[in-house]
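The values are calculated or read from the model by the stated rules, or taken from the named source; none is laboratory data. The shown structure was predicted, so the numbers you read here are calculated from the model rather than taken from an experiment. With ideal geometry, Cβ positions are generated from the backbone for all residues, glycine too; neighbour counts draw on all protein chains shown. Side chains included, ligands, DNA and RNA excluded: accessible areas come from the protein's heavy atoms. Shrake-Rupley method; radii C 1.70, N 1.55, O 1.52, S 1.80 Å.
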Amino acid sequence: NCHRRCEISVTDSFHYLMMSGSGRISMKKIYVCNDTITGIFSAIYDAWKEGREEKECGIAIKGMLEQELFCEYILGEENLHKEQAVERLIRKHLGGQAYADIWHASLASDKDKADAIYGTMLAARRLRDSKKVMEHLSHPQVERVFELSRKVGSEAHNYKGFLRFRELSGGILYGGIAPKNRILTCIAPHFSNRLPQENWLIHDKTHHMYAVHEAGKEWVLVENERIQEERLGHISENEQMYASLWTAFCRTISIESRENPRSQMQHLPLRYRPEMTEMAGEV
């Protein structure tokens, strides 16, 4: 009987916690989205339109979702209209710099980034001057967006210097990278300006994405498509010759007695080296 009374007590407590005054179950809504700027902004659009606060909702990335109890999961429709509406909202009320930080944060490999972005927008709504929201680093969500933006920006900056192109047999320049974050949209404009009359592609091996540039045209982002990767290994004869010369030059100018591995690690971490021509055979 005592066991039976305990069961009834737990059941009654469950219903008491779950039932609102109207008799309906009150659950936290989790908007599930794809790991793209369109997906994240579309989920933010849906949550913002319903006027939901942080405690009432969350935004989760598909594939990084950790299910919780007492939550309602919603897979909304994502489209360009919602993305553009949220972009206009951020630029108008938070400013261009805040949009840049939010955009960089959306490219990070972090499961809580969408929640942090939405929380930052809600925090800005409570400020007298919403365009100073990124100065309020005491707010945990604002601080998280700032940290993610800095990590993405730092990695993109490094790859602008560490990326090495190789000439394939067809004359196309190929560069392979393995970034932690989705930085192709950060670095592609840089190389488009530097190499406007070249056919090149940058392969993000981590996220299976390509930035493709045709000579004299704008670069495009290619996702979820398999380029014939076996053709990417066909290096031209000129490339092989110049790669050998460059590697020999770098080894020749090195002074063994003055090598400082610790300093090298600070300026050129190991994870950047496998795709660098001058580091071939050293990683």
(request) Loop only per DSSP, at most 16 neighbouring Cβ atoms within 10 Å: give me the GluC sites (Glu not before Pro) in segment 49-102, ordered by residue number. (result) Glu50, Glu53, Glu66, Glu68, Glu77
(request) With label points built 7 Å along Cα→Cβ from the Cα atoms of Tyr242 and Lys180, find their separation and express it in nm. (result) 3.3 nm
(message) Please list, by residue number, everything in segment 83-97 whose backbone N is under 15 Å from a paramagnetic label point 7 Å out along Cα→Cβ of Leu221.
(response) 83-84, 87
(request) Any chance you could run the full-extension gain for Thr206 through Glu278? It's 0.36 nm times the residue separation minus the Cα-Cα distance, nm to one decimal. (result) 23.7 nm
(request) For the chain, find the longest principal axis of its Cα atoms and tell me its angle to the long axis of helix 140-162, 0 to 90°, nearest 10. (result) 10 degrees
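Return the calculated 222 nm mean residue ellipticity for the chain, to the nearest 500 deg cm²/dmol, obtained by summing -39500 (n - 2.57) across DSSP H runs with n ≥ 4 and dividing by the residue count.
Taking each H run of at least 4 residues, the total per residue is -14500 deg cm²/dmol.
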(request) Within segment 161-194, list the chymotrypsin sites (Phe, Trp or Tyr not before Pro) lying in a DSSP loop whose Cβ has at most 10 other Cβ atoms in a 10 Å radius. (result) none
(message) So if I take the centroid of the Cα atoms in segment 162-212 and the same for segment 79-125, what is the distance between those two points in Å?
(response) 26 Å
(request) Could you pull the accessible area for His93 with a 1.4 Å probe, rounded to 10 Å²? (result) 80 Å²
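For segment 130-283, report the accessible area per residue in Å² (1.4 Å probe, heavy atoms, rounded to an integer).
Accessible area per residue: 63 Å².
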(request) Compute the long axis of helix 184-194 from its Cα atoms, compare it with the longest principal axis of the Cα atoms of the chain, and write down the angle in degrees, 0 to 90, nearest 10. (result) 30 degrees
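Using 28 Å as the Cα-Cα cut-off, could you pick out the over-long pairs in Lys131/Lys160; Lys49/Lys111; Lys62/Lys205; Lys49/Lys217; Lys55/Lys180?
Lys131/Lys160; Lys49/Lys217; Lys55/Lys180
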(message) Rounding to the nearest 10 and keeping the result within 0 to 90°, find how far the Cα-based axis of helix 2-18 lies from the longest principal axis of the chain.
(response) 70 degrees
(request) At 7 Å along the Cα-to-beta-carbon direction for both Lys132 and Ile235, put a label point, then send me their distance in nm to one decimal. (result) 5.5 nm
(request) Could you tell me what percent of the accessible area of the chain is made up of carbon and sulfur, with a 1.4 Å probe and every protein chain present? (result) 51 percent
(request) Report the extension gain between Gln97 and Asn193 in nm, rounded to one decimal, defined as 0.36 nm multiplied by the number of residues separating them, less their alpha carbon distance. (result) 32.3 nm
(message) Using a Gaussian network model on the chain with a 10 Å cutoff between Cα atoms, which of Ala85, Ala123, Ala108 fluctuates the most?
(response) Ala85
(request) With a cut-off of at most 13 other beta carbons within 10 Å, and DSSP calling the residue loop, which trypsin sites (Lys or Arg not before Pro) in segment 52-134 qualify? Please list them. (result) Lys62, Arg126, Arg128
(request) Provide the gained length on full extension for the span Glu256 to Ser169, in nm with one decimal, where the gain is 0.36 nm per separating residue minus the Cα-Cα distance. (result) 27.8 nm
(message) Which of Asn238, Asn34, Asn199 ends up with the largest GNM mean-square fluctuation for the chain, with Cα atoms connected below 10 Å?
(response) Asn238
